[in-house]
Amino acid sequence: MVSVRLENLVKRFGKVTAVDHISLAIKNGEFVVLLGPSGCGKTTTLRLISGLELPDEGRIYFDDSDVTYLPPKERNISMVFQSYAVWPHMTVYDNIAFPMRIKKVPEDEIKRKVKWAAELLRIGELLDRYPHQLSGGQKQRVAVARAIVVEPAVLLMDEPLSNLDALLRMLMRSEIKKLQRRLKVTTIYVTHDQVEAMVMADRVAVMNKGRIMQIGTTEEIYNKPANLFVAGFIGSPRMNFFEASVSDTILDTGYFKMKLPEEMKQVLEGYETVIVGIRPEDIHPVERGIPPGVKPIELEGRVDFIEPLGSDTIIHLKIGEILLLVKVPGSYIVEMGRKLKVALDFNKLHIFDKKTEKAIL
Ligand SMILES: Nc1ncnc2c1ncn2[C@@H]1O[C@H](COP(=O)(O)OP(=O)(O)OP(=O)(O)O)[C@@H](O)[C@H]1O
Ligand SMILES: [Mg+2]
């Protein structure tokens, strides 16, 4: 088990900068998820850590040793890919045994290890089968078993669950997480699924355009997004945003005005235009009663669309030119087309600098 440190990594493909000065320190035994939209450089970052790609700039350390240019097989890593890379012509047993055979591990030890990994992943009954006789989830378990038998110092996983159906994905993500806890193997896991990231990670690194926009626990990136990108990317449905002008004492979005409390005046001093964000669950229909602790800013709009999701309902509220998304419990019934007054919770507002897109508050 090792710690992993990336220092100013850069990887270019022609004109595309796939990885743009990434620095990241991952603790020994930690589970870090790289999360971001398609094309943001997740796979490339993982391939740099594995040694399948070499960086144009920067360094990679495992503990204190510089592995930047070390070939993959000397790094003691295992990788699990999105497409379950199990060999079709080999049985499950041989698939799992394969990386140990390459390392010339004695057959009796191989047998012991295969049994151990197969039991951990609950595929002990399947060892004589061929991949075409397995379900998607079983194949993915074989791929994970094969990755852990060599007891890697670092486990790298690139969207390993994206080929599975929703239910199986949910089961597998908790299994992989529990397995990682047991093995205490330093793990870097790539996904573009925010729920998967938030459920599995000790810390999530949110990426965009080759850069890390923020790294933190689920709680941190959700409640204290460091910039507009993270605020808009994390959370479903997404955060509502308004542009607002700041004068001495007033914040004016054109839809609502707020007299700034003393402490906010100081924080916002010097800013002219800001972006105000509020999550759908921090907006409450006034007629339902405003929950205790909410400092309300009232707004009225017309119900434009309703998305019933069972336990929750998302109301699209049309206010002037904008649509405000409001999340309410599924038990709350509201009719399309009617007027609705809502209260935004002042305490839950996020404020970003329009120019730098960084969080001010
Ligand atoms: N071998 C390559 N040659 C040229 N460009 C590449 C190569 N590999 C990746 N890229 C480009 O680098 C950028 C980052 O790609 P990468 O595969 O790392 O993204 P990703 O975050 O894993 O995306 P996805 O979620 O779609 O898998 C993309 O613009 C991609 O087109
Ligand atoms: Mg990828």
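A few points about this structure:
- Relative to its Kirkwood radius, the Cα radius of gyration of region 285-361 gives an Rg/Rh of 1.02.
- Dipole of the chain [Lys/Arg +1, Asp/Glu -1 at C-beta], most positive-end residue of ASN28, THR218, PHE352: ASN28
- Helical mean residue ellipticity (222 nm; -39500 (n - 2.57) per DSSP H run of 4+; nearest 500) of the chain: -7500 deg cm²/dmol
- Taking every C-alpha pair closer than 8 Å and separated by at least 6 residues, the mean separation divided by the residue count of region 240-353 gives a relative contact order of 30 percent.
- Once the chain from LYS295 to LYS341 is taken as fully extended at 0.36 nm per residue, the excess over their C-alpha distance is 15.1 nm.
- Restriction of the trypsin sites (Lys or Arg not before Pro) in region 256-361 to DSSP coil positions whose beta-carbon has at most 11 other beta-carbons within 10 angstrom yields ARG338, LYS355.
- Gained length - PHE305 relative to ALA85, 0.36 nm times residue gap less alpha-carbon distance: 74.8 nm
- Rel. contact order, % - alpha carbon contacts under 8 angstrom, at least six apart, the chain: 16
- Directionally averaged projected area (region 182-330, Cα convex hull): 12.2 nm².
- Straightening the chain between MET170 and GLU262 buys 28.5 nm, computed as 0.36 nm per residue apart minus the Cα-Cα spacing.
- Applying 1/(1 + (r/R0)^6) with r as the Cβ-Cβ distance of SER65 and HIS21 and R0 = 25 angstrom yields a FRET efficiency of 0.65.
- Computed over region 131-234, the ratio Rg/Rh where both radii use C-alpha atoms and Rh is Kirkwood: 1.00
- Size of electric dipole in the chain: Cβ of Lys, Arg +1 and of Asp, Glu -1, about Cα centre, debye, nearest 20: 920
- Alpha-carbon centroid distance for the pair region 171-196 / region 14-73, whole angstrom: 18
- Base-10 log of normalised Debye intensity for the chain (one unit scatterer per alpha-carbon) at q = 0.08 Å⁻¹: -0.52
- Filtered GluC sites (Glu not before Pro), region 189-272: DSSP coil and at most 13 other beta carbons within 10 Å: GLU269, GLU272
- Debye-formula intensities of region 233-303, expressed as log10 I(q)/I(0) at q = 0.13, 0.24 Å⁻¹, are -0.46, -1.23 (one equal scatterer per alpha-carbon, no solvent).
- The residue among ASN76, VAL4, GLN138 whose Cα reaches farthest toward the positive pole of the charge dipole of region 4-230, with charges on the beta-carbon of Lys, Arg, Asp and Glu, is GLN138.
- Quarter of the Cα convex hull surface for region 51-94, i.e. its orientation-mean projected area (nm²): 4.7
- Chymotrypsin sites (Phe, Trp or Tyr not before Pro) lying in DSSP loop within region 13-81, provided at most 10 other Cβ fall within 10 Å: TYR69
- Nitroxide proxy distance, nm - points 7 Å out along Cα→Cβ at LEU52 and LYS111: 3.4
- Working from label points 7 Å from Cα in the Cα-to-Cβ sense, the ASP312 to ARG182 distance is 3.3 nm.
Computed from the coordinates by the stated procedures, all read-outs in this text should not be read as laboratory data. The structure displayed is predicted, hence computed values, not measured ones. Glycine gets a Cβ as well: all are built from the backbone with ideal geometry, and neighbour counts include every protein chain shown.
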